[in-house]
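In what follows, a structure is listed as structure tokens, so that the remarks can point back to it.
The values are calculated or read from the model by the stated rules, or taken from the named source; none is laboratory data. As the structure is a computational prediction, the values presented were derived from the model and not from experiment. Every residue, glycine as well, gets a Cβ built from its backbone with ideal geometry; the counts of neighbours run over all protein chains shown. Heavy atoms of the whole protein, side chains included, go into the accessibility calculation; ligands, DNA and RNA do not. Shrake-Rupley method; radii C 1.70, N 1.55, O 1.52, S 1.80 Å.
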Amino acid sequence: MDAPARAWTVAEIEALFKLPFADLLYHAQQVTREHFDPNAVQLSTLLSIKTGGCSEDCGYCTQSSFHAGVENKKMLEVEEVVKAAKAAKEAGAGRFCMGAAWREPNEEDMSTVVEMVKEVRALGMETCATLGMLNDEQTEQLRVAGLDYYNHNLDTSPEFYGNIISTRDYQDRLDTLARVRKAGMNVCSGGIIGMGENLTQRAGLIAQLANMNPYPESVPINNLVKVEGTPLADTEDLDPLDFVRTIAVARLTMPRAFVRLSAGRQQMSDAVPALCFLAGANSIFYGDQLLTTGNPEVERDKALMDKLGMYPLAKKKCH
Ligand code: SAM
Ligand code: DTB
Ligand code: SF4
């Protein structure tokens, strides 16, 4: 667990974003090399264990019942999840992340998720879950089940948040993250870039993450996946170089975190992930599917890693 390298102001982080591109990437690569094998990539496979029908109104999401999107499906059976985890392990993933379209889980959901976590862990994979907000009891249940990571994103800066989500507060998210931290599980938290936020707001997200004490072990940086029917479907395209810069700034401010190049990869040419790795990304979502949208196919990612001389991270904790 890592304390912030220092307390970051939003203005300092904004200044990092504005560095000349080569300087920014050079510094970020140096910091990466101080803490990690720069050619190893941590591979996480996602599975949507409960899709659609969510009672939150997150403007980017296909699974909200507030806007047109995917249909409301019932939760997967434990056996289906274990089968998918086994396949992910065989394909080379080290971590398996189970996602559910819930505002928060209910009691019945929790007992099923606990079973899933235990069984996936028994396969020898790291486990991660993203189930919405948690109370103390649910956090404890997940800890006892052996959950390694809990993913709960801040998504954006406190100032921009209200433009995207109205059904839960920023503080609710911070409270869930504090519970996960207190219970002793690893924290996975990041956000989405390209939702129309300005540079100060982008820097504001990174400041929130980097100033957590300790900062998250895993930091997913998602490029907004624009899906028709969602309120953000017509948002202006993000310049891919601004995405690369965000990765570099996350690396500089959270030197020991696994910074994950997350959603949005399917829309990128190979040059963008290559630059992201140079900028300090050392983790990806690996597998043909994210939750409801696509991800590059496993064979394409294997080819990309080969082309770049990169390889999956051996299963060991770096901190
Ligand atoms: N329902 C739970 C929650 O919101 O906490 C867990 C699942 S939710 C889909 C997990 C995260 O996926 C969101 O917080 C958001 O950061 C990311 N996400 C969802 N839809 C996305 C999209 N269209 N583009 C990029 N990231 C997205
Ligand atoms: C995260 O930061 N990104 C993942 C995971 N954590 C749960 C989800 C991305 C979802 C992209 C849109 C979709 O497939 O529905
Ligand atoms: Fe629900 Fe999570 Fe989608 Fe928000 S991001 S609508 S909480 S599934």
Of all residues in region 107-118, which are within 29 Å of Gly59 (Cα to Cα) and surrounded by fewer than 15 Cβ atoms within 10 Å (Cβ to Cβ)?
Glu107, Glu108
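Can you go through Asp237, Asp148 and tell me which one is out of contact with any Ser or Thr (no Cβ under 9 Å at 6 or more places or on another chain), more than 14 Å from ligand 2 (Cβ to nearest atom) and not hydroxyl-bearing (Ser, Thr, Tyr)?
Numbers: Asp148 fails: out of contact with any Ser or Thr (no Cβ under 9 Å at 6 or more places or on another chain).
Selected residue: Asp237, the only one of Asp237, Asp148 that is out of contact with any Ser or Thr (no Cβ under 9 Å at 6 or more places or on another chain), more than 14 Å from ligand 2 (Cβ to nearest atom) and not hydroxyl-bearing (Ser, Thr, Tyr).
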Note down all Cβ pairs under 6 Å where the first residue falls in region 222-241 and is closer than 16 Å to Gly69 by Cβ, the second is outside any loop (DSSP other than H, G, I, E, B), and they're at least six residues apart or on different chains.
Leu224/Ile192
Against the condition within 16 Å of ligand 2 (Cβ to nearest atom) and crowded, with 19+ Cβ neighbours inside 10 Å, how does Glu104 come out, does it pass?
no
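Would you be able to say whether some residue in region 15-29 is over 30 Å from Arg245 (Cβ atoms) and not aromatic (Phe, Trp, Tyr)?
From region 15-29, those over 30 Å from Arg245 (Cβ atoms) are none; that's our starting set.
Scanning region 15-29, I find no residue that is over 30 Å from Arg245 (Cβ atoms) and not aromatic (Phe, Trp, Tyr), so the answer is no.
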Note on region 122-133: residues in contact (Cβ under 8 Å) with a residue 12 or more places away in the chain and either more than 10 Å from ligand 1 (Cβ to nearest atom) or touching a Gly at 6+ places or on another chain (Cβ under 7 Å) (or both) are Leu123, Gly124, Met125, Glu126, Thr127, Cys128, Thr130
If you go through region 119-149 one residue at a time, how many are more than 16 Å from ligand 3 (Cβ to nearest atom), open to solvent by less than 70 Å² (accessible area, probe 1.4 Å) and hydrophobic (A, V, I, L, M, F, W, C)?
6
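Identify, please: which residue in region 59-91 is open to solvent by less than 20 Å² (accessible area, probe 1.4 Å) and β-branched (Val, Ile, Thr) and is, among those, farthest from ligand 1 (Cβ to nearest atom)?
Restricting attention to region 59-91, the residues satisfying the condition of being open to solvent by less than 20 Å² (accessible area, probe 1.4 Å) are 59, 62-64, 81-82, 85, 88.
Imposing the further condition that a residue be β-branched (Val, Ile, Thr) reduces the set to 62, 81-82.
Working: Thr62: 6, Val81: 15, Val82: 20 Å.
Here the answer is Val82.
Given the condition away from ligand 3 (no atom under 16 Å from the Cβ), modelled with pLDDT of 95 or more and surrounded by fewer than 18 Cβ atoms within 10 Å (Cβ to Cβ), answer yes or no: does some residue in region 43-58 qualify? Write out each step before concluding.
Initial filter on region 43-58 (away from ligand 3 (no atom under 16 Å from the Cβ)): 43-45.
From what's left, modelled with pLDDT of 95 or more: 43-45.
After this cut, where a residue has to be surrounded by fewer than 18 Cβ atoms within 10 Å (Cβ to Cβ) as well, the list is none.
No, every residue in region 43-58 fails to be away from ligand 3 (no atom under 16 Å from the Cβ), modelled with pLDDT of 95 or more and surrounded by fewer than 18 Cβ atoms within 10 Å (Cβ to Cβ).
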